[in-house]
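Reviewing the structure listed below.
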């Protein structure tokens, strides 16, 4: 979550030079190549070795790649575009912990405890305080942005459900590699229709200055850390602690974002945001506390 919290800053930098779809293509292509190299170099390592994908499991991996990254990134982008307030968009896109118990119970019969629910409520209240306090723009904009944001969150939760369905014989690197590589089968045709015809104009408009190199470095961060390290960590965690518990940690992303902005950009943290941070952390501890029989 710490890595993903910094991703927003990197994405903002990349978009100075590249279009959103081009950024996604570069990001996940580089990530897949990196995981392929690591998986081949450490092929005898049970944790880092790239394992063979069984044909019978291909539909499950395709489903995971369709939910996230493909559908999630498209729905997220259009929800941000439709909603005039980034604050409302961020709040809506942080509701995965609220939806995850329902999906986990209905699709996986995963046990949801009272501590899980209580922790989600406390943590989500803190997240809303952190996001809303100090925000001065609450105009909704296009109302279609709300269902788009909820649909984006639903695809992210369904992705975690698929992770739980994938057989235990696969290690986390293999799962993330196959899901992200298969997602490129969805992204490349879309990129070919939308961005490829203008690629010459895009390259001609590039100015190979400091901003361009910073954008390229940001793509490197997104590929190596956001798409490889963070996805592998999240995949491993979800398969160990379950959909409900893993998704609760989405609430801590705004905390890390706020702390990054405070430490590196000098952004002020009013008391309301500090209270929100405390509530999020308390909620996370409560949600992970084993239920007493």
Worksheet item: Where does each of 289, 12, 273 land when they are ranked from fewest to most other beta-carbon atoms within 10 angstrom?
Response: 12, 289, 273
Discussion item. Running a GNM on the chain with Cα contacts under 10 Å, which residue among 241, 193, 121 ends up with the highest mean-square fluctuation?
Written reply: 193
Item to complete: Could you check which residue among 61, 249, 102 shows the biggest mean-square fluctuation in a GNM of the chain with a 10 Å Cα cutoff?
Response: 102
Worksheet entry | Calculated P(r) over Cα pairs in 10 Å bins from 0, in percent (choose from (i) 5, 16, 21, 19, 16, 11, 6, 3, 2, 1, 0; (ii) 6, 25, 35, 25, 8, 1, 0; (iii) 7, 29, 38, 23, 4, 0), label | (ii)
Fill in: Cα shape, the range 107-233, gyration tensor, a/c 1.5 rule
oblate
Response to the item:
Ranked from fewest to most other Cβ atoms within 10 Å of their own Cβ, 57, 209 fall in the order 209, 57
Worksheet, complete the sentence: Per residue, the convex hull enclosing the alpha carbons of the range 244-293 has a volume in Å³ of 68
Discussion item. Rounded to whole Å, give me the distance from the Cα center of the range 62-135 to that of the range 1-23.
Written reply: 20
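With a/c under 1.5 counting as rounded, go ahead and sort the range 27-142 into rounded, prolate or oblate using the C-alpha gyration tensor (a ≥ b ≥ c being the square roots of the eigenvalues; past the cut-off, prolate if a/b is larger than b/c, else oblate). Can you show the working numbers first?
Values: a/c = 2.30, a/b = 1.60, b/c = 1.44.
Judged from the Cα gyration tensor, the range 27-142 comes out prolate (a/c at least 1.5, a/b above b/c).
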Discussion item. Springs between alpha-carbon pairs under 10 angstrom, Gaussian network model over the chain: which of 130, 114, 50 fluctuates most?
Written reply: 114
Discussion item. Once you order the gyration tensor axes a ≥ b ≥ c over the Cα atoms, which shape class does the range 162-293 get: rounded for a/c under 1.5, otherwise prolate or oblate by comparing a/b with b/c?
Written reply: oblate
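With a 10 Å Cβ neighbour count serving as the proxy for reagent exposure, in which order, fewest first, do 267, 110, 90 appear?
Values: 267 14, 110 18, 90 21.
Taking fewest neighbouring Cβ atoms as first place, the list is 267, 110, 90.
We did not get these values from a lab; they are worked out from the coordinates using the rules stated. Computed from a predicted structure; not experimentally measured. Here Cβ is always computed from backbone atoms with ideal geometry, including for glycine, and neighbour counts include all displayed protein chains.
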